[in-house]
Amino acid sequence: MSTSIQYLLRRLGFYAIAAWAALTLNFFIPRMMPGDPASIIFARFRGKLNPEAMVALRETFGLTDEPLLGQYFTYLKNLLSGDLGISIAYFPQPVTEIISTALLWTIFLAGTSLIISFSLGTLLGTLAAWKRGGRLDSFLPPALAFFGAFPYFWLAMVALFTFGFGLGWFPLRHAYGDAVTPGFNLPFMIDAIYHAFLPALTMVMVSLGGWMLSMRNTMITTLGADYITFARAKGLPSKMVMLKYAARNAILPNFTGFGMALGFVLSGALLTEIIFSYPGQGYLLLEAVRAQDFPLMQGLFMTITLAVLGANWLVDIAILFLDPRTRR
Amino acid sequence: MPNPILSIKNLNVEYITQSDPNHAVKNVSFDIQKGEVFGLVGESGSGKSTVVQSILRTLPPPAIITGGQILLNGVDILQMSDADVQKFRWRQISIVMQSALNALNPVLSIRQQISDVLFIHKGLNKKEADARVRELFDLIDINHDRLDSFPHELSGGMRQRIVLAIALALMPPFIIMDEPTTALDVIVEREILFKVLELRKELGFTILFITHDLNLLLEFAERIGVMLQGDLIEVNTASVIGQGGEHEYTKKLIGSLPSATGPRRHDLIPLPDKKDQEPEPLLELRDLCKSFNLSGWINPKKLLAVNDVSFTINKSEIVSLVGESGSGKSTVARLIARLIKPTSGSIILNGKNIFESEPRKASLAYRRKVQMVFQDPFGSLNSVHTVYHHLERPIKRHKLMDESKIYQYIIDMLEAVDLSPGIVFADKFPHEMSGGERQRVAIARALSLKPELIIADEPTSMLDVSIRLDILRILANLRNQNNVAILFITHDLASARYLADRIIVLQNGKQVEEGLSEELTGNPQHHYTKQLIAAASPGWLKKNLENL
Amino acid sequence: MATRKNDSILFRWIKGIIHNKKALSGSLLVLSFILIAAIGPYITVDPNAFLDTPLSPPSFSHWFGTTGQGQDVLAQTISGARQTLIVGFATGFFVVLIGALIGGISGFYGGKVDDVLSMIINIFLVMPGLPLMVILASWLPPGPLTLTGVLVITGWAWNARVIRSQMMALRDRDFVSAAIVSGERNIRIILIEIMPRMLSLLASSFIGASIYAIGAQVGLEFLGLGDVSTITWGTNLYWASNDLALLTGSWWTFVPTGICIAFVSFGLTLINFGIDEVTNPRLISERNWRKYLPKGKGNDGITPVIKTHA
């Protein structure tokens, strides 16, 4: 079992390096731009910001008179102590404070819709590959691919327009209504689910096809394996061959793909939040872009990166349980 | 004959393709008597595996059974309902498949995979199934602490035993064995077969044994059927087949088998033209070692694939390196071809230590002198290029001759390896040729640079039995006509004996014995060589069976 | 010497694509949009001009209605195609180029080179795309070049990973070893021996990357990170949302653009489906096989018996 721990530690080491790379990239991007960042910031905010905000901004980016390396270490030290600087749009609130509640909403909305989409897509892909050429297999992939071709936020716009504005079935914005008090109570939770329903639905619609297709493809490859023929020769019932022998193996590469695609898929989720004015990270991102709030932007980049890395580690743990070959 | 347990009548199977269906099995009929061992032999594509998979009706798409009857105790399997098919599988007939690694589900433990059969067919509960699994483990001599192992944790031989245990789980009266030992080394193969025959004596099941290896069947089958391109051309008792059978093709199969012992048949492969010169060393290996890192960068495990190998190849000599899979013989080939770098040791070509003169990369001069023919002719030619491209490139790269002469030279090369007319073959793509033809192209490519040494890494093992001898003959003639030295790498002691002047035996990366071919095979010293020779000699199984 | 081109694997492959229904209809769909992008601006009214009452619904004079600025939506939709498609395909091209370069080198050389390069690939893979794009785009001057650059930086890793694993598989094949033994240079082995074998992968990578680029580009511009003074499909949607299309109920300002984006992406997806089918002959023979079966029967693990021989 020590090899499993070694494997998880190795992955953790990789995520640490990835996190460090993201931090470093974030530090150097402003400094690699034509002109020096301080004057860019100054030029963009001239007259719009009070002097205290300007000082806070400079500090967030470590734009002091220190040499570059010194700035870099100050920057790292600040980040490690959880100090992401002060927001410009929400001055003088610290970025950490703004992001923390928004992060929970994003994890709730994007997390649930990702899990629903992945599970449903995997199930449909399994069935489609099993009954290859059947009704499900000939109709669903092109139909879902068509939905997958729409930008997330555009489908969200249409859904909101039709079911929110037009039919009035769903709330138009926000994560919960004014009538409920946030906390661990039933009315709030029901209201939160009610608000999340439409955005989650559009996200599932767009991403479902991709998951289904990749499961279908790995499943078809797996079905050609000798151990499937052997399982059939053993006279095992079809359902058992499909689930315990075929799908159980075919899901493994998809799980790895799930982790890898997380950062990618999350982008669509963030844009969807914007349409529904959902108070998550995506909505903040728009605010940050509109207000040119650089500290907030970099804070969002950091937290989303860390969330994706954490999710990837959970996927690693899941694979450890699912695939005995990683436990060698 | 009375009371056949299985009777196949006029079986026809077709594979649907993009164009015309491929008629893989044509009107095949034969009976198998209760309790006998029936062997079905044929080359790849002969339809033998298609026949046995039709019996269980496990042929995957795009196969369709287009005619005939398969009677199991008088009941036609081809007319059974789907539910009945599910029930007759494994209770009446079980199968041991070719590659045991691929036959086992990689993510389920051995215990689960055996229990599944018991749950479904016998309705046993967990405890009862467990007791039965333990019984089966005893039957195949595997320790109970392996119960919860996963397939990847077991050796090839052990996995094949597990598959055997699964086949025996319901004690069916009939077991199909589809090339069960092909992926295994000869010595392990012997152990498994011995175990199977021992169990048959004890339990009395009937065996249908499929293989491409006629020698193997002659050891223990009672009757043998020979298949060729979808037809069953002959069914006879093993003793009649062993004498050459009745069909021309059977005669050819029997006649084309070199043997490791007994008198050498000079008609099969020509002997070297004796020229009585002093042997002049061409290539010398000194204390060559190669280790591979297995896994983990925290504390890497090392595998010593080649361990202190030293030998010399003289000019225009054929030396054979014999060993089983994992013996390091292919690693030696790749080291000499300089596809990989040794961990330590030196290679001396024409008296010059090449790692001193060209340490990083092999020079063009070295490449020109040392050429290689690979095991898999399907893999060693690039499917997007013509034969002409394959032969033209090395000549151009080494600026061997004037552009205008290349075309004629390539045609000559192709005809030198019996690909004639060369003009036709030059134009072909790899997928338009048979395996044997491809391997000849590969030989022609190696030969076209007029090298001093050709390394031939198992050049015949992926080819059908009936054309292996042709390739060996071409190699033997090359040496006689072009004075090229050949390092022939093989797992087959018999063909090494026929082709090579000297044999070097390799085991687990170490050289265990070296000697002139006839001396080494006639009077082996090392016990491993003795084992190899015993396993390759006719009658080895019979001798042991008598003691049962 | 002339070789018989029509028998090569490549030629058969291209022929298969032309005869594949999905690939063909996908190509037609994409080609018609390319045509629109090329000639569109010459046949429509000026998309920038203020022509009518803002936000007037579709009518005979303005088939798709007008925007919040009183511009013609049809003209905007058509002229938006050009920059969107150029940026999309350019990104697709560079993503495959960089992916093939880094993934190819990583897979071919292996060892320490691969350790370093695959680490970089994996880091870029797990880094979330959109926030990184936002950071990059917000510091750079807005415009198509910035967009392409940002999309390539955040998108190359996926292709590099796929190409690397394919390269590793091919690199261990004997035909590569044979080329090395005959003295070929590495660069020639990669370009002449290996790359032709990866052509279908490269083609589908290009298409996949273009789909990604069109979607991500539209997303970035929707956030306001493009040059909002140019007309592209992304800025069309940006203005629609800025002019409160949802609140005012003016669906015509965002529906046509979205449908165009979806059609192009769907057309590209269809081409990839087609490539998949053509390069996988097993699927084709299996489809033919199914035609022989009685209705409603599929592959249930029991070989069908259909007696045609007496």
Qualifying residues in the range C:130-168 (those that are touching a residue at least 24 places away in the same chain (Cβ under 8 Å) and out of contact with any helix residue (DSSP H, G or I) (no Cβ under 8 Å at 6 or more places or on another chain)) - the one nearest to the other protein chains (Cβ to nearest Cβ) = C:142
message = Every residue in the range A:72-100 that is assigned to a helix (DSSP H, G or I) and under 21 Å from the mean Cα position of the chain (by Cα), please.
response = A:95, A:96, A:97, A:98, A:99, A:100
query = Say we look at the range B:414-460 and pick out the residues that are facing chain C (nearest Cβ under 10 Å) and in contact with a His (Cβ under 9 Å, 6 or more places away or on another chain); which of these is farthest from residue C:174 (Cα to Cα)?
reply = B:449
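Yes or no: residue A:153 at the interface with chain C (Cβ under 9 Å from one of its Cβ atoms), crowded, with 18+ Cβ neighbours inside 10 Å, in contact (Cβ under 8 Å) with a residue 12 or more places away in the chain and part of a helix (DSSP H, G or I)? If you could, list the steps in order and put the result at the bottom.
Values: at the interface with chain C (Cβ under 9 Å from one of its Cβ atoms): yes; crowded, with 18+ Cβ neighbours inside 10 Å: yes; in contact (Cβ under 8 Å) with a residue 12 or more places away in the chain: yes; part of a helix (DSSP H, G or I): yes.
Here the answer is yes, as residue A:153 does meet what is asked.
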key: Qualifying residue in the range A:297-304 (condition: outside any helix (DSSP H, G or I) and either touching a strand residue (DSSP E or B) at 6+ places or on another chain (Cβ under 9 Å) or more than 9 Å from every other protein chain (Cβ to nearest Cβ) (or both))   = no
task = Would you check if residue A:320 is away from chain C (no Cβ under 13 Å), farther than 24 Å from residue A:192 by Cα and at pLDDT 90 or above?
result = no
key: Residues (within 11 Å of chain A (Cβ to nearest Cβ) and among the acidic types (Asp, Glu)) located in the range B:93-152   = B:116, B:148
ask   = What number of residues within the range B:175-204 are part of a loop (DSSP other than H, G, I, E, B) and surrounded by fewer than 21 Cβ atoms within 10 Å (Cβ to Cβ)?
value = 5
task = Could you please tell me which pairs satisfy a Cβ distance under 8 Å, a separation of 6+ or placement on different chains, a first residue in the range A:245-262 that is within 14 Å of chain C (Cβ to nearest Cβ), and a second residue that is charged (D, E, K, R) and assigned to a helix (DSSP H, G or I)?
result = A:259/A:316; A:260/C:161
ask   = Restricting the range C:12-56 to residues that are under 23 Å from the mean Cα position of the chain (by Cα) and aromatic (Phe, Trp, Tyr), which is modelled with the highest pLDDT?
value = C:33
ask   = Identify, please: which residue in the range B:42-91 is in contact with a Leu (Cβ under 8 Å, 6 or more places away or on another chain) and of a type in the set (Ser, Thr, Tyr) and is, among those, nearest to residue B:6 (Cα to Cα)?
value = B:54
query = Just to be sure, is residue A:235 touching a Lys or Arg at 6+ places or on another chain (Cβ under 8 Å) and either within 13 Å of chain C (Cβ to nearest Cβ) or at pLDDT 90 or above (or both)?
reply = yes
inquiry  = Please go through the range C:62-105 and give me each residue that is in contact with a strand residue (DSSP E or B) (Cβ under 9 Å, 6 or more places away or on another chain) and assigned to a loop (DSSP other than H, G, I, E, B), ordered by number.
reply    = C:62, C:63, C:64, C:65
query = Among A:122, A:74, A:106, which is the only one that is of a type in the set (Val, Ile, Thr) and surrounded by fewer than 21 Cβ atoms within 10 Å (Cβ to Cβ)?
reply = A:74
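Is it fair to say residue B:169 is modelled with pLDDT of 90 or more, within 23 Å of residue A:239 (Cα to Cα), aliphatic (A, V, I, L, M) and more than 26 Å from the chain's Cα centre (by Cα)? Quick ask: steps written out before the conclusion?
Values: modelled with pLDDT of 90 or more: yes; within 23 Å of residue A:239 (Cα to Cα): yes; aliphatic (A, V, I, L, M): yes; more than 26 Å from the chain's Cα centre (by Cα): yes.
Spelling it out, residue B:169 is indeed modelled with pLDDT of 90 or more, within 23 Å of residue A:239 (Cα to Cα), aliphatic (A, V, I, L, M) and more than 26 Å from the chain's Cα centre (by Cα).
Can you tell me how many residues within the range B:488-536 are part of a strand (DSSP E or B) and in contact (Cβ under 8 Å) with a residue 40 or more places away in the chain? Walk me through how you get there before you give the answer.
Kept after step one, since they are part of a strand (DSSP E or B), are these residues of the range B:488-536: B:488-490, B:502-507, B:510-516.
Still in the list and also in contact (Cβ under 8 Å) with a residue 40 or more places away in the chain: B:488-490, B:502-507, B:510-511, B:514.
Within the range B:488-536, residues that are part of a strand (DSSP E or B) and in contact (Cβ under 8 Å) with a residue 40 or more places away in the chain number 12.
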message = So in the range C:170-192, with the set limited to residues that are within 15 Å of residue B:380 (Cα to Cα) and in contact (Cβ under 8 Å) with a residue 12 or more places away in the chain, which one is nearest to the other protein chains (Cβ to nearest Cβ)?
response = C:175
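If we scan the range B:440-461, do we find a residue that is assigned to a loop (DSSP other than H, G, I, E, B), over 27 Å from the mean Cα position of the chain (by Cα) and farther than 22 Å from residue B:483 by Cβ? Spell out the reasoning first.
First, the residues of the range B:440-461 that are assigned to a loop (DSSP other than H, G, I, E, B): B:448-452, B:458-461.
When the remaining residues are screened for being over 27 Å from the mean Cα position of the chain (by Cα), the result is B:448-452.
This time we only want the ones that are farther than 22 Å from residue B:483 by Cβ, so: none.
The answer is no, given that none of the residues of the range B:440-461 is assigned to a loop (DSSP other than H, G, I, E, B), over 27 Å from the mean Cα position of the chain (by Cα) and farther than 22 Å from residue B:483 by Cβ.
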inquiry  = Go through (1) away from chain B (no Cβ under 14 Å); (2) over 30 Å from residue C:282 (Cα atoms) for residue C:27 and report which single condition fails.
reply    = (2)
ask   = Do we find a residue being modelled with pLDDT of 90 or more, more than 30 Å from residue B:109 (Cα to Cα) and either within 8 Å of another protein chain (Cβ to nearest Cβ) or assigned to a helix (DSSP H, G or I) (or both) anywhere in the range A:210-220?
value = yes
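Looking at the range B:72-108 only, could you name the residues that are assigned to a strand (DSSP E or B), surrounded by 15 or more Cβ atoms within 10 Å (Cβ to Cβ) and of a type outside the set (A, V, I, L, M, F, W, C)? Break it down stepwise before answering.
Step one: list which residues in the range B:72-108 are assigned to a strand (DSSP E or B), which gives B:72, B:75-76, B:93-96.
From the residues that got through so far, the ones that are surrounded by 15 or more Cβ atoms within 10 Å (Cβ to Cβ) too are B:72, B:93-96.
Hit for the range B:72-108 is B:94, nothing else.
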ask   = Could you list, in sequence order, the residues of the range B:168-187 that are touching a Leu at 6+ places or on another chain (Cβ under 7 Å), under 26 Å from residue B:536 (Cβ atoms) and free of Cβ contacts under 8 Å to residues at least 60 places away in the same chain?
value = B:181
request  = Please report, ordered by residue number, the helices (runs of 4 or more DSSP H) entirely within the range B:310-381 with at least 3 residues that are closer than 30 Å to residue B:526 by Cβ.
outcome  = B:329-336
request  = For residue A:184, state whether it is part of a loop (DSSP other than H, G, I, E, B) and away from chain C (no Cβ under 14 Å).
outcome  = yes
ask   = Which residues, taken from the range A:85-95, are more than 18 Å from residue A:286 (Cβ to Cβ) and either buried (at least 16 other Cβ atoms within 10 Å of the Cβ) or free of Cβ contacts under 8 Å to residues at least 12 places away in the same chain (or both)?
value = A:85, A:86, A:94
Odd one out for residue A:228, checked against (1) more than 10 Å from chain C (Cβ to nearest Cβ); (2) closer than 30 Å to residue B:86 by Cα = (1)
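Taking the options A:120, A:103, name whichever one is within 14 Å of chain C (Cβ to nearest Cβ), in a helix (DSSP H, G or I) and under 19 Å from the mean Cα position of the chain (by Cα). Working first, answer last.
Details: A:120 fails: within 14 Å of chain C (Cβ to nearest Cβ).
Every option except A:103 fails the conditions.
Output the residues belonging to the range C:282-300 that are within 7 Å of chain B (Cβ to nearest Cβ) and not hydroxyl-bearing (Ser, Thr, Tyr). Spell out how you get there, then give the answer.
First, pick out the residues of the range C:282-300 that are within 7 Å of chain B (Cβ to nearest Cβ): C:284-286, C:288-289, C:292, C:299-300.
Result: C:284, C:286, C:288, C:289, C:299, C:300.
Can you pull out every residue in the range B:368-381 that is in contact (Cβ under 8 Å) with a residue 60 or more places away in the chain and surrounded by fewer than 23 Cβ atoms within 10 Å (Cβ to Cβ)? Lay out the reasoning, then the answer.
Within the range B:368-381, the first condition is being in contact (Cβ under 8 Å) with a residue 60 or more places away in the chain, and the residues that meet it are B:368-378, B:380-381.
Result: B:368, B:369, B:375, B:376, B:378.
The values are calculated or read from the model by the stated rules, or taken from the named source; none is laboratory data. Computed from a predicted structure; not experimentally measured. Counting neighbours? That spans all protein chains shown, and the Cβs are built from the backbone with ideal geometry, glycine included.
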